[in-house]
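A short write-up of the structure that comes next.
Coordinate-derived values only; no laboratory data. The structure displayed is predicted, hence computed values, not measured ones. We place every Cβ from the backbone using ideal geometry, glycine too, and count neighbours over all the protein chains shown.
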Amino acid sequence: MKAERTSTLKAHSAPLYALAPGRNLGTLFSGGGDRVIAEWDLSNEQTNPFGIRTDATIYSLLNIDQETLLIGTNRGSIHVIDLASKKEVRHLKLHDQGIFHMCYCSTLNRVYVGSADESISVWEAEQWSLLWHLKLGQGKVRRIALNADQSNVAIACGNGRVQMLETADNTMIYSIEAHDDGANSVAFLPNGNLVTGGKDAHLKVWDGKNHFRQLISIPAHNFAIYDIIVQPQGKWIATASRDKTVKIWDIDLLEKPIRLDRKSHAGHTHSVNALCYLEEEDLLVSCSDDRTICLWNVGI
């Protein structure tokens, strides 16, 4: 494998926590501590005239079919933005602490939301009615992931557990003791296995065909793993960490990873908080406390 930084985007004035594909091919949304959503035109590495200013720090972003943008804030609010009119159509206020992550289940037209208040909520993604609110009571919910057919959802919790639910009726089917101190990140592999990252800096793989028994545990980073991206065709796995690095792993985690840091690849100088994969452009994107966004080209 190989990887190279293609560009670095700079415009924000505070740490960045959230990324999402933009409205069109070759665009990207970003947000963070400066309370501004920027949309980038990657062809010229400049921001588009689309700025949205919020009243709170932006923790998460979700673009649904280039039609609707959801903005999750540190105050527990979710702003629903119609991308055609650029107007807020709903303001969802259920959680009383930060919205760390949101993911969209297209088969059921639902949005799953994870919060620092130790709960998840499920919203119908048309009228934005609340379908379900589950108070897990197992620490902050950092990340949520759906499997390939969207039948199961995995929830990374602050007490180190990963909870697995069936999306059809939100029945809990597994509770995995995944990481010491806290589970921060979670993703499904194409073969149905689960990959998780924790505050313990370990990357672990769980057997989706055998009750999610642990298969692999790797001391992957020097500090907490904050995000995991699995390339949709199963070509590689990317991890982001508080140790200021992005690492690229082969899909089986058998080879030594590529370490993308400041010294070797002109990467980030501070904690790397989130990752995003732009499928049409075949680009991995990372954002950091250093207020920058790095674009990475990853090849086999």
| note | Of the listed links 86/140; 204/235; 2/244; 235/256; 93/199, those spanning more than 25 angstrom between alpha carbons are 86/140; 93/199
| message | Charges at C-beta only: +1 for Lys and Arg, -1 for Asp and Glu. How large is the resulting dipole of the chain about its Cα centre, in Debye rounded to 20? | response | 660
| task | Evaluate the distance, in nm, between pseudo-label points positioned 7 Å from the Cα of residue 171 and of residue 7 along their respective Cα→Cβ axes. | result | 4.9
| request: Place the peptides 3-12, 197-206 in order of packing, highest mean first, counting for every residue the other Cβ atoms within 10 Å and averaging per peptide. | output: 197-206, 3-12
| Prolate/oblate/rounded label for region 110-166 (Cα gyration tensor, a/c 1.5) | oblate
| Local electrostatic count, residue 186, Cβ distance below 9 Å [Lys/Arg +1, Asp/Glu -1] | +2
| query | So, in Å, what gap is there between the alpha-carbon centers of region 127-189 and region 227-300? | reply | 23
| note | Taking r as the C-beta separation of residue 89 and residue 150 and R0 as 22 Å, the FRET efficiency to the nearest 0.05 is 0.35
| remark: To the nearest 0.05, the calculated FRET efficiency linking residue 297 and residue 233 through their beta-carbon distance, R0 being 25 Å, is 0.95
| field | Total formal charge among the other residues, if their Cβ is under 15 angstrom from that of residue 125, Lys/Arg +1 and Asp/Glu -1 | value | -3
| request: Please list, or write none, the aspartates and glutamates whose alpha carbon is within less than 12 Å of the alpha carbon of residue 87, excluding same-chain residues fewer than 8 places away. | output: 67
| task | With a Förster radius of 30 Å, plug the Cβ-Cβ distance of residue 211 and residue 255 into 1/(1 + (r/R0)^6) and report the FRET value to the nearest 0.05. | result | 0.60
| remark: Taking Cα pairs closer than 8 Å and at least 6 residues apart, the relative contact order of the chain in percent is 14
